[in-house]
1. Just the residues that are more than 7 Å from every other protein chain (Cβ to nearest Cβ) and at pLDDT below 80, please, taken from segment B:83-121.
2. Does any residue of segment C:33-47 turn out to be within 8 Å of another protein chain (Cβ to nearest Cβ), in a helix (DSSP H, G or I) and of a type outside the set (Gly, Ala, Ser)?
3. Does segment C:3-19 include one or more residues that are crowded, with 16+ Cβ neighbours inside 10 Å, more than 10 Å from chain A (Cβ to nearest Cβ) and not polar (S, T, N, Q)?
4. Look at A:Ser30 and say whether it is surrounded by 15 or more Cβ atoms within 10 Å (Cβ to Cβ) and touching a helix residue (DSSP H, G or I) at 6+ places or on another chain (Cβ under 8 Å).
5. Scan segment A:276-297 and tell me whether some residue there is aromatic (Phe, Trp, Tyr) and touching a residue at least 24 places away in the same chain (Cβ under 8 Å).
6. Would you pick out the residues in segment C:1-60 that are in contact (Cβ under 8 Å) with a residue 60 or more places away in the chain and either under 28 Å from A:His272 (Cβ atoms) or touching a Ser or Thr at 6+ places or on another chain (Cβ under 7 Å) (or both)?
7. Please go through segment B:137-174 and give me each residue that is over 19 Å from B:Asp202 (Cβ atoms), within 34 Å of the chain's Cα centre (by Cα) and within 13 Å of chain C (Cβ to nearest Cβ), ordered by number.
8. Output yes when any residue across segment A:165-177 is part of a helix (DSSP H, G or I), free of Cβ contacts under 8 Å to residues at least 12 places away in the same chain and farther than 30 Å from A:Trp218 by Cα, and no when none is.
Amino acid sequence: MISTTSGTIVIENEVESVKTKLKLAEIDASMRFPVIFFITSALVWLGIGTTFALIASISLHASHFFPNWEWLTFGRVRSAHLNAMAFGWGNNIVFAVAMWMMVRLCQTKLRFPWLMITAGIFWNIALIVGIAGILLGQLTSVEWLEMPRYVSPILGLSYTMIAIWGIVSFLYRENSHVYVSQWYILAALFWFPWIYIAVQTMVIWFPARGTVQSITNWWFGHNALGLWYTPIGVAAAYYLIPKVLGRPIYSYYLSALGFWTLALFYNWAGVHHLIGGPIPVWLISSGIVASVMMVIPVVVTAINHHLTVVGFFDHVWHSPTLRFVVFGAMSYTLASFLGSAMALREVNVVSHFTHATVAHAHHGIYAFFTMVMFGSIYYIMPRMLKREWPSALLISLHFWFVAVGITLYVLGLTIGGWIQGLEMNNSQIAFIETVKHTIPWLISRSVAGSLMAIGHICFFIHFLWMFMSKKTAGGPTLFKRAGEEVAVK
Amino acid sequence: MSDINKEDKPNNKSSHLGFDRNEDRGRMSDPKLQEIHDQLYREKEEPQEKDSPIPLLLIFLFGLLIFWAGFYLAKYSGGFKGDVFNPEAPGGIAVAKPPAPFDPLVQGKKSYVRTCQACHQADGKGLPGVYPPLAGSPWLLSSEERAIKILIKGMSGKIEVEGETFNGNMPPVGDWKDRDIAAVLTYERQAWGNNAGPISEDLVKKVREDIKDRAKPWTPQEILAQDPL
Amino acid sequence: MKKFPLLFIGIFLTVAFSFTGIVLTSQIQYGRLKPVAIEEGDQRYPREPVGLAQQGNTVYISLGCLYCHSQQVRRKGFGADFERGWGDRQTVPRDYIYQKRVLLGTMRTGPDLMNIGQRQPDPHWHYLHLYDPRITTAGSIMPPFRFLFKKQKIQEEPSPNALKFTPGYHAPVEEGYEIVPTDRCVALVQYLLSLKLDYELPESRFTE
């Protein structure tokens, strides 16, 4: 046994470490029901959103495939898809992952979990009503806010309950250091209600006159991505990458710089949805500048992550959590660079109004955010259920189907959209001809979406299986290493 | 389906204080203790941050970006005014360019593409059974007055063109300027193999004056009575 | 960054900055525009929409047409909006002051509709197009809106709005019956016909 003084410190550190881990186990236990509730809700909405997605995508190149029901018309199905994915899948999984990270990092147990679950139930009920409303024709035709206005107070109330618990947990924190993920989560919790209430007021409840509505709409729409989903995605990456690898993040200063530049610039980028549109040019130019300046936080985060992971990429590959999370983090970098490029006028004159915009949106919300969330679920669930994932094969299938799917999606629609834009700007080509040329690319999107749907089905099956399996800890489920023997259970 | 890897996770810092899981395959007798042990075994340290400095090159690059941003805003913001919509506008209200000389074929084609093409199609052949063709159509190519009258007041009812019957509505474009009506007809009479003479603005003006008391669209019978094919 | 107050102030200020700079400034700069006339005593533009067109606007919103069609014209030289005949001038904020819900749109899966009333002044074209876009526009990917129509027995004479199909088109209706637009459809088409960029504003004159 150890006998020197430095050895005593080693033992003390070890004891501290064990105490912390026991504490984390307790915290996980306190979070059990809310986290499982929100993850399950999120996955249900993911399934619903995927169904709407396939219907919408197929409607654009094979509309005769579906009966001519009014509630299935493209404008409505597409809006139902967006809202189910954003507020159903997106928000539920954010609540699960952000709350779990927050209480863990604050090292404080979740108080009154039943309150969070109640808020979550109301949230989901409001969503069901809202999305049914969309399909029945009560959509607002305001992008990102299609749900009829009578559900927004309930959504607002549920959200407030959850957000307050996040902040309360932070105020009750039991450690002094505030880790970077906590900044992002706190910020997101505060930013979202501000932008949501502002846009509901100025566009839906007391509409402003003229294109002030559009400016407010897109200030909100882009900020939903930049100040809500992105911070949680980045926070999760910042938590899981060092956690799973057991290595520290490269630089605190890079983290801080990344956080504040994101907060500053992302806020102003939303106007790039209106380039060339009927608003004063200074707003457009500011939006373009902010979109390009986003390169700063993105590069900073990428460097920070990269220098944390460098030399350990094979560990990344073999950990299900990290495979998804790092795929996501790299997609964040790529999608953001493409986004900054698309904001430049010379590029935007081609890409605006085309399917390339849709590709970019899915690049960010799926290849980045959703993949990071998948990785988070793979990490969190074993700790909630005190069981391991039953099958590395299903994780592998899940990964490959969605990774190939989203890559095909983004490539197909970016190329198709770019061609569409070039042709649209050439008045020698009849408009209907430009439309016909997009059809193969739209079909490729349906193929890609089907691959993603299969990946989701693998995930759902695996998720259910885990509930029913009895496999307790025998070590975490990892992908097989090449050339190694498979252990017999 | 058992490809579960039972190896230690890499860089596992958790210490067992002497207990190495892989060597001792037996599980503890107390399941609660086992559970706690499993939790400790698979949990790593909470994430930390080192305090490496920000690379200087990065700071330099960001400085460049900020400089670009300032320059771009100064140049392309139209003075931050609320009524400037174009980055190149000299500031203030968008200046209308001096009008180019009016070319009937060019302007006529524009009008055709914008308004007529949807029905009569880009090749002037119309839609069988629905919209009559203009290519080779005597309704367009013979009497100039008749063509002008149809455009100014519209026409509704059964007509026959090259053996096919059509029973539709031709909406009026009487609210167009005389010169635009003349231009579009001039263009059509020269397009798709048609080879008829141009129509003058004065003729349009005269015909408009002649028929100014008429309120409703023409029927084919009426107009053929005035201007037979 | 241990201190919550400092963190909070930063988080607050960054969003307050953009909210003020983008949203509030917009409201101040161009949130109270009124219709204007080019010359003193002329008709003021834009015109206020009335009647059936207003109801049609509701139908447009409820069907989500915005998700494939934009309603904005970019300036000449920035894209080919002008050359395609989608408008003779760029649209500016004042053009939208009477839109209760501003329907700018961000996709052009289908053509821009700001000036569709001038491009397609014939309501029958619109009825046929909505019933099955492939009739009027071969190769169109726009989904059919047959649910906006109803089948009814022909009274003494066919209704004025009854659809007239091309011969050879898969006959949707047997002898003695006709397909007519419902009231919603008529309102929607009136709304589309009201979309005309046929007027000038001091800040946006027709381009040649």
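The values are calculated or read from the model by the stated rules, or taken from the named source; none is laboratory data. Quick caveat, the model's predicted, so the values are computed rather than measured. Note: ideal-geometry Cβ built from the backbone for every residue, glycine included; neighbour counts use all protein chains shown.
1. Initially, segment B:83-121 is screened for residues more than 7 Å from every other protein chain (Cβ to nearest Cβ), giving B:88-92, B:95, B:98, B:101-109, B:111-112, B:116-117, B:120-121.
Those that are more than 7 Å from every other protein chain (Cβ to nearest Cβ) and at pLDDT below 80: B:Glu88, B:Ala89, B:Pro90, B:Gly91, B:Gly92, B:Val95, B:Pro98, B:Pro101, B:Phe102.
2. no
3. The answer is no; no qualifying residue exists.
4. Working: surrounded by 15 or more Cβ atoms within 10 Å (Cβ to Cβ): yes; touching a helix residue (DSSP H, G or I) at 6+ places or on another chain (Cβ under 8 Å): yes.
In short, yes.
5. Scanning segment A:276-297, I find no residue that is aromatic (Phe, Trp, Tyr) and touching a residue at least 24 places away in the same chain (Cβ under 8 Å), so the answer is no.
6. C:Tyr30, C:Leu33, C:Pro46, C:Pro49, C:Ala53, C:Asn57, C:Tyr60
7. B:Gly154, B:Met155, B:Ser156, B:Phe166, B:Asn167, B:Gly168, B:Asn169, B:Met170, B:Pro171, B:Pro172
8. Yes, that holds for at least one residue.
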